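A.B. asks: One structure is given below, represented as structure tokens, and several questions about it will come after.
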Amino acid sequence: MIKSVTGTKDILPSDIPRWIYLEKTVENVFNNFNYKEIRTPVFEETSLFARGIGEETDIVGKEMYTFKDRSDTSLTLKPEMTAAVVRSYVEHSLGAQQSLVKLFYISPMFRQERPQAGRFRQFHQFGAEAIGSPSPLLDAEMVQMAYEILKSLGLKNLTIKINSLGTPKTRENYKKILKNYLADKKDKLSEDSRRRFETNILRIFDSKIESDQIIIKDAPKLIDHLDEESKADFEVVKNQLSKFGIPFTIDPSLVRGLDYYTKLTFEIDSGSVGAQTALCGGGRYDLLIETLGGKPTPATGFAAGIERILLACENEKSFTVPEQTINVYLIRIDNDLESVVSELAGKLRKENLSVDFDYLQRSVKAQMREANKLNAKYVLFIGGDEYKEGLLKLKNMSDGAEKILSLEKIHELISTIKK
Ligand code: HAM
């Protein structure tokens, strides 16, 4: 038997109502903040992500699904949306039509990580990108939106961590400080971290190896070496979050696994999902647009993992969705009425009613069982003496009330079912 690929999973019909509930909640909050939806292709040229996310990151170095197509072009299934959205923003000059472009997305992503609970190789993100303003109030808006979505889904066990990575200049200075600190400890670092020491020292913070973490734990913190502008912006974000009544903690080690961040970074963790606690993450990325060929343009955003959020929601029983129902199930009493039933179903469906009936020549009892399984609000019996007289029996499944209706007066039937 061929099975789904490791790290991917089917979203089965029984899962779909929870996904739709989440998607509707997400769209509603983004709509309230005036974000417009964008959809980009599933694959892009590999160089977009290599340049955008950074060659030394885990994503680009180890996790991308990269392949050559038949014309020998290197393509990559998108591991995240920010680079793709920025590519689209630059390519279509979206900034020319509007000075601040606020976009949101819901889309599958692909990373070849080691699968575990809450970590997949195909997973789904929703997220937002606001391109065109350096305002720290917009950074606060990102945290507020992300938090509001998670709260709207009924989640409680949440922790918000924020940090500032400063301007690129601050970071360059800090990298020197970090290099000094690590110089005599370099030999004790893992091979990956020794390489990163030379190529992109900040990425050492991403190491999951314990011995690296012990060394890096006591390293000087970037947040203690911020420039005045970054400090002032960070203050604005903190004050604004307090005004919104949003609780947060400052986590100086929150460098995030992507190279493009400047100034604010944030993550929201859940205590209800096991090892993979990050439900969402984001921050400001003021240099990415020019890195990808656009005019220098400040921007900020976040993305959230849908599978993880749904897992947290399930564990906290944070929301329930109504059971799926259909308006009416048609029950054929006489077998020779199959085509009459099918025709009637067609008429009712045209009236915007959800209708189903039996295709397996099952007994009346089995058809009733099916109607119950489908949570039909009504069943309509077709056949017997009643049918010969042009009549049908309609049964309300919630109270058992029955009504005899004339086949000729189909509108009466429709209005009763619609009530
Ligand atoms: P990220 O932190 O790489 O950021 O991913 C955001 C969220 O996607 C994570 O917090 C997690 O919930 C989910 N996620 C990531 N990898 C997996 C996986 N393998 N399986 C399941 N869920 C996963 C970004 O992607 C940035 N583009 C966020 C951003 C937008 N920054 C600025 N704008």
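Computed from the coordinates by the stated procedures, all read-outs in this text should not be read as laboratory data. As the structure is a prediction and not an experimental result, all values here were calculated from the model. Using ideal geometry, Cβ is built from the backbone for each residue, glycine included, and neighbour counts are taken over all protein chains shown.
A.B. asks: For residues that are among the small types (Gly, Ala, Ser) and over 17 Å from residue 418 (Cα atoms), tally how many sit in the range 372-407.
C.D. replies: Of the residues in the range 372-407, 3 are among the small types (Gly, Ala, Ser) and over 17 Å from residue 418 (Cα atoms).
A.B. asks: Related question: Write out, first by first residue and then by second, each pair whose Cβ atoms fall under 6 Å of each other, whose residues are 6+ apart or on separate chains, and whose first residue, in the range 237-248, is surrounded by 17 or more Cβ atoms within 10 Å (Cβ to Cβ) while the second is assigned to a loop (DSSP other than H, G, I, E, B).
C.D. replies: 241/248
A.B. asks: Given the criterion acidic (Asp, Glu) and in contact with a strand residue (DSSP E or B) (Cβ under 8 Å, 6 or more places away or on another chain), identify the matching residue among 56, 129.
C.D. replies: Being acidic (Asp, Glu) and in contact with a strand residue (DSSP E or B) (Cβ under 8 Å, 6 or more places away or on another chain) holds for just one of 56, 129, which is 129.
A.B. asks: Could you list, ordered by first residue, the pairs with Cβ atoms under 9 Å in which the first is in the range 155-181 and among the charged types (D, E, K, R) and the second is assigned to a strand (DSSP E or B), at least 6 apart or interchain?
C.D. replies: Final answer for the pair search is 161/249; 161/250; 161/265; 161/266; 161/267; 161/268; 161/269; 171/262.
A.B. asks: Could you look through the range 361-419, keep only residues that are basic (Lys, Arg) and part of a helix (DSSP H, G or I), and pick out the one that is farthest from the chain's Cα centre (by Cα)?
C.D. replies: 388
A.B. asks: Picking from 178, 150, 155, which residue would you name as being under 23 Å from the mean Cα position of the chain (by Cα) and over 30 Å from residue 88 (Cβ atoms)?
C.D. replies: 155
A.B. asks: Still on this structure, I have one more. Scan the range 273-305 for residues that are of a type in the set (A, V, I, L, M, F, W, C) and either near the ligand (Cβ under 8 Å from one of its atoms) or in a strand (DSSP E or B) (or both) and jot them down.
C.D. replies: Passing the criteria: 278, 279, 280, 299, 302, 303, 304.
A.B. asks: So residue 256 ticks every box in (1) of a type in the set (D, E, K, R); (2) within 12 Å of the ligand (Cβ to nearest atom); (3) over 23 Å from the mean Cα position of the chain (by Cα) but one. Which box is left unticked?
C.D. replies: Unmet condition: (3).
A.B. asks: So, in the range 183-222, of the ones that are in contact (Cβ under 8 Å) with a residue 40 or more places away in the chain and not basic (Lys, Arg), which residue ends up surrounded by the most Cβ atoms within 10 Å (Cβ to Cβ)?
C.D. replies: Selected residue: 222.
A.B. asks: List every residue pair whose Cβ atoms sit under 9 Å apart, with the two residues 6 or more apart in sequence or on different chains, where the first one lies in the range 13-27 and is of a type in the set (Asp, Glu) and the second, anywhere, is part of a helix (DSSP H, G or I).
C.D. replies: 15/310; 23/306
A.B. asks: Starting from the range 292-303, take each residue that is touching a residue at least 24 places away in the same chain (Cβ under 8 Å) and list its partners that are among the acidic types (Asp, Glu), counting only C-beta distances under 6 angstrom and pairs at least six apart or across chains.
C.D. replies: Sorted first by the residue in the range 292-303, then by its partner, the pairs are 298/286; 300/139; 301/129.
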